[in-house]
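For reference, the structure is listed below as structure tokens.
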Amino acid sequence: MNVRIQTQGFSLTPAIGAWVHEQMRNTIRRYSDELIGVDVYLRDLNGPKGGHDKQAIVRLHVRHNAPIAVTSTYDDLYKAIDDAARRAGRTVRKTVKRRQQIERRGLHHLALAVGE
């Protein structure tokens, strides 16, 4: 699975890059066959002003689906990354499960039509 990271308002450090890759690997590895790619955008919205301004946006490219985006904003970048990764994993799980249910229903209807 290819994870691309882009930053805005600060430079990507090796520690932050490693943290992003670890969190994404841990939360969505089960669905890596369903994913074409993952883009992670990290932003510091207010610069040095502080506040809840560290944003992590995870954009998931899932096979046979439109891209999915998950956003999380915290005062700490690592918390934003953790939350976005957790939410991305949950979203991919639901998306894949929904698609599999639709595919099974479609095949079930085909089997019934052929058997009649």
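Looking only at the range 15-43, count every residue that is farther than 17 Å from Val70 by Cβ and surrounded by 17 or more Cβ atoms within 10 Å (Cβ to Cβ) and tell me the total.
Of the residues in the range 15-43, 1 are farther than 17 Å from Val70 by Cβ and surrounded by 17 or more Cβ atoms within 10 Å (Cβ to Cβ).
Exactly one of (1) in contact (Cβ under 8 Å) with a residue 60 or more places away in the chain; (2) open to solvent by 40 Å² or more (accessible area, probe 1.4 Å) is unmet by Asn46. Its number?
Here Asn46 meets the rest and fails (1).
Consider Gly89 carefully, then state whether it is out of contact with any strand residue (DSSP E or B) (no Cβ under 7 Å at 6 or more places or on another chain), open to solvent by less than 60 Å² (accessible area, probe 1.4 Å) and modelled with pLDDT of 90 or more.
On the way: out of contact with any strand residue (DSSP E or B) (no Cβ under 7 Å at 6 or more places or on another chain): yes; open to solvent by less than 60 Å² (accessible area, probe 1.4 Å): yes; modelled with pLDDT of 90 or more: yes.
Considered against the rule, which asks whether it is out of contact with any strand residue (DSSP E or B) (no Cβ under 7 Å at 6 or more places or on another chain), open to solvent by less than 60 Å² (accessible area, probe 1.4 Å) and modelled with pLDDT of 90 or more, Gly89 comes out as yes.
Could you please find all residues in the range 45-63 being small (Gly, Ala, Ser) and either at pLDDT 85 or above or in contact with a His (Cβ under 9 Å, 6 or more places away or on another chain) (or both)? Break it down into steps so the answer makes sense when it comes.
So in the range 45-63, the residues small (Gly, Ala, Ser) come out as 47, 50-51, 56.
Correct list: Ala56 only.
Kindly establish whether Leu12 is farther than 28 Å from Lys94 by Cβ and either buried (at least 19 other Cβ atoms within 10 Å of the Cβ) or modelled with pLDDT of 90 or more (or both). Please lay out each step first, then the result.
Values: farther than 28 Å from Lys94 by Cβ: yes; either buried (at least 19 other Cβ atoms within 10 Å of the Cβ) or modelled with pLDDT of 90 or more (or both): yes.
Taking the combined requirement at face value, the residue satisfies it.
The values are calculated or read from the model by the stated rules, or taken from the named source; none is laboratory data. Worth saying up front: this structure is predicted, and the values here are computed from it rather than measured. Glycine also receives a Cβ, built like all others from the backbone with ideal geometry; neighbour counts cover every protein chain displayed. The area values use the complete protein model at the heavy-atom level, side chains included, leaving out ligands, DNA and RNA. Shrake-Rupley method; radii C 1.70, N 1.55, O 1.52, S 1.80 Å.
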